[in-house]
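Structure record follows, encoded as structure tokens.
The values are calculated or read from the model by the stated rules, or taken from the named source; none is laboratory data. These figures come from a predicted structure and were not determined experimentally. Virtual Cβ from ideal backbone geometry, glycine too; neighbours counted across all protein chains shown.
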Amino acid sequence: MIDKIYISFHDSVLTNIDIDANHESIVLSFDFESGGKGILKMCQVVAFRCEDLVTQNIVNKIYLSSKNDFSYEYLNYWINWATRLSDTKSWLVETAKEQWLKKIDLGDLELIYIEPSLGARIAIVCSQLFVET
């Protein structure tokens with residue numbers, strides 16, 4: 001089950017991406033303007049893509065499928081985006097994508113999209129999301 005906690009990361013700075021491919025987990029670390037720190041930990045990650053990572057990566061907003069932040073068309077778009085490289089088609093076959101969409105609808109998968117103000121654009125599909133501040 002997905003942890004439904006939502007915290008605003010607006011204007012936070014992405015400072016670290018820790019990928020553990022063997023355990024299918026990704027931890028993103030953030031510094032807040034207030035001086036605090038935040039962590040997003042995703043487990044059972046099935047798709048991850050990060051584009052335009054630079055030395056200063058500022059978050060505008062984090063969108064969560066469990067918060068109904070996406071229409072069906074946007075879910076489809078971000079799943080396709082997360083499962084391809086900039087010059088290739090998605091590696092995810094259509095039947096698997098339909099299964100993912102159903103699992104997202106049931107709350108068994110979460111799609112997280114990090115919209116940047118500057119720098120890294122990130123999309124992740126996972127089974128569990130944990131937020132720490």
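So, in segment 80-122, how many residues would count as being out of contact with any Leu (no Cβ under 7 Å at 6 or more places or on another chain) and either within 13 Å of Ala47 (Cβ to Cβ) or not small (Gly, Ala, Ser) (or both)?
Start the filter on segment 80-122 by keeping residues that are out of contact with any Leu (no Cβ under 7 Å at 6 or more places or on another chain), which leaves 80-82, 84-99, 102, 105-109, 113-118, 121-122.
In the following step, the residues that additionally are either within 13 Å of Ala47 (Cβ to Cβ) or not small (Gly, Ala, Ser) (or both) were identified as 80-82, 84-85, 87-99, 102, 105-106, 108-109, 113-116, 118, 121-122.
Within segment 80-122, residues that are out of contact with any Leu (no Cβ under 7 Å at 6 or more places or on another chain) and either within 13 Å of Ala47 (Cβ to Cβ) or not small (Gly, Ala, Ser) (or both) number 30.
Determine if segment 45-67 includes at least one residue that is exposed (fewer than 13 other Cβ atoms within 10 Å of the Cβ), assigned to a helix (DSSP H, G or I) and over 14 Å from the mean Cα position of the chain (by Cα).
Taking every residue of segment 45-67 in turn, none turns out to be exposed (fewer than 13 other Cβ atoms within 10 Å of the Cβ), assigned to a helix (DSSP H, G or I) and over 14 Å from the mean Cα position of the chain (by Cα).
Cβ-Cβ under 6 Å, sequence separation 6+ or interchain: first residue in segment 66-87 and under 13 Å from Val125 (Cβ atoms) and touching a residue at least 24 places away in the same chain (Cβ under 8 Å), partner surrounded by fewer than 10 Cβ atoms within 10 Å (Cβ to Cβ) and among the aromatic types (Phe, Trp, Tyr). Which pairs?
none
Residues are listed down the side, and each one gets a yes or a no for (1) at pLDDT 95 or above; (2) not aromatic (Phe, Trp, Tyr):
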site	(1), (2)
Asn57	yes, yes
Tyr72	no, no
Ser86	no, yes
Glu98	yes, yes
Asp108	yes, yes
Leu111	yes, yes
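Right, Ala96: under 23 Å from Thr15 (Cβ atoms) and out of contact with any His (no Cβ under 7 Å at 6 or more places or on another chain) or not?
So Ala96 does not fit the description; no.
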